[in-house]
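The values are calculated or read from the model by the stated rules, or taken from the named source; none is laboratory data. None of the values given here were measured: they were computed from a predicted structure. Quick reminder, even Gly has a Cβ in these numbers, built from the backbone with ideal geometry, and neighbours come from all protein chains shown. Note: accessible area is taken over every heavy atom of the protein model, side chains too, but ligands, DNA and RNA are not part of it. Shrake-Rupley method; radii C 1.70, N 1.55, O 1.52, S 1.80 Å.
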Amino acid sequence: MNFISWDINRLKELVSLWNSEIGMQFPIREELFIQNSFEDKNILQAGSLIAVNDENQVIGFVVSKCWQENLDVRMNPEIGWIQVLLVKSSYRCKGIGSALLRKAEQALKERNIKTVHMGRDPWHYFPGIPKSSEKVLNWFRQRNYVSGYIECDLIHHFQNQPSRFNPSKYDVQFSLLTIEEKQEFLSFLQRCFPGRWEYEAIHYFHRGGTGREFVIIKKDGKIIGFCRINDSKSPYIAQNVYWAPLVNEPLGGIGPLGIDRSERKNGYGLAIVEAGISYLRDRNIHSIVIDWTGLVTFYGKLGFKVWKEYQQLSKDL
């Protein structure tokens, strides 16, 4: 057994291992794996490794990340991430996973990372460890990872239900963002939601986004809120449609969403979600996922139910 550097030439083997182990719950596509685990500039090469057996076959891997992009967004340089750690079932309990984790943590320490999160990375797959994997959760807890919040992916199949959204009952205007409004929108995010959401929007436009993935609210001509909507035509595979192969029809995604703090408690949050749903359904998308949220009751008002659950885990290095 040996550990080798992170290598895109091993793509098919890595994807095959993923799908053989967890593909029933989280089916990975080569396009998504390249996007999240090779193209992300925050991948820490020294802490991303492949385990191979004596026949040079992939039997495990780990991907770690730390903030490395030259972008003026508020990302904490002392936070690191383990994006994924996976070992082939027949090779478990042999110390391979422990070695991969140890090497990743050491590489993060050498970059002055103070805290490491499981998942939650830029271009992440998971906001934590899937709660269905109790053995995996216990394995990390034994290695001093501490539990945080429970996060959920929610889903709803609207099918023949009529849209309930009536924009005329609000004192604001709902619309899809236009490319001409790009700078105003980015300024809004920088002011009201600096950090990850601003970061994701910057990348959206870098990848050719035109605005069709953002519903905005305007009041007196100014943007006061937004809701991201995703589908198969979006410029990259967004988080809430990662697991589209599990759904036997076109899948859409809702979120993130946010309302300017000074305009909250007016019902605009739920309204913009309804607007996003309406736009997706106009595109003949009736199965919709909301990812990485703890607001189960809030979204439950619109019929969304828990689909997948994740346990946040972190460790101080």
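In whole percent, how big is the carbon plus sulfur part of the accessible area of the chain, probe 1.4 Å, protein atoms only? Heavy-atom surface of the chain belonging to carbon and sulfur, 1.4 Å probe: 48 percent. If you run the Gaussian network model on the chain, springs between alpha carbon atoms under 10 Å, then out of 181, 55, 30 the most flexible one is 55. Accessible area per residue was computed with a 1.4 Å probe on protein heavy atoms; residue 117 scores about 30 Å². Of the residues 71, 108, 295, the one with the largest accessible area comes first in the ranking 295, 71, 108, computed with a 1.4 Å probe on protein heavy atoms. Per-residue 3J(HN,Hα) values for the range 146-151, derived from phi via the Karplus relation 6.51 cos²θ - 1.76 cosθ + 1.60 with θ = phi - 60°, read 10, 6, x, 6, 8, 10 Hz in sequence order (x marks Gly and Pro). GNM remark for the chain: springs join alpha carbons under 10 Å apart, and the peak mean-square fluctuation among 285, 22, 129 falls on 22. Model label sites at residue 233 and residue 12, defined 7 Å from Cα along the beta-carbon direction, differ in position by 3.3 nm.
In this structure the amide hydrogen of residue 119, modeled in the peptide plane, comes within under 5 Å of the amide hydrogens of 82, 83, none closer than 5 places in sequence on its chain. Accessible-area rank, largest first, for 308, 169: 169, 308, with all protein chains present and a 1.4 angstrom probe.
Listed by chain and number, the aspartates and glutamates whose C-alpha is less than 17 Å from the C-alpha of residue 131, apart from same-chain residues fewer than 8 away, are 21, 151, 153, 291, 309.
Taking every DSSP helix (H) stretch of at least 4 residues in the chain, weighting each as -39,500 (n - 2.57) and dividing the sum by the residue count yields a mean residue ellipticity at 222 nm of -8000 deg cm²/dmol.
In the assembled protein chains, residue 72 presents an accessible area of approximately 130 Å² (probe radius 1.4 Å).
Per-residue surface analysis assigns residue 157 an accessible area of about 80 Å², computed on protein heavy atoms at 1.4 Å probe radius. The listed residues 171, 291, 121, once ranked by accessible area (1.4 Å probe) with the largest placed first, stand as 171, 291, 121. Solvent exposure of the chain, expressed per residue, is 47 Å² of accessible area, with all protein chains present and a 1.4 angstrom probe.
For the chain, a Gaussian network of Cα nodes joined below 10 Å ranks 239, 35, 159 by mean-square fluctuation, and the top entry is 159. In this simple spin-label model, placing a label point 7 Å from the Cα along the Cα-to-Cβ direction at both residue 114 and residue 35 gives a separation of 3.3 nm. Annotation note: GluC sites (Glu not before Pro) in the range 77-138 located in DSSP loop regions with a Cβ neighbour count of at most 15 within 10 Å are 78, 110.
Using a cutoff of 8 angstrom between alpha carbon atoms and counting only pairs six or more residues apart, the relative contact order for the range 157-310 works out to 23 percent. With both labels modelled 7 Å from their Cα along Cα-to-Cβ, the residue 284 to residue 55 distance reads 4.6 nm. In percent, rounded to a whole number, the relative contact order of the range 248-317 is 39, using alpha-carbon pairs under 8 Å and six or more apart. Take every Cα pair under 8 Å whose residues are at least 6 apart in sequence, average their separation, divide by the length of the chain, and the relative contact order is 20 percent.
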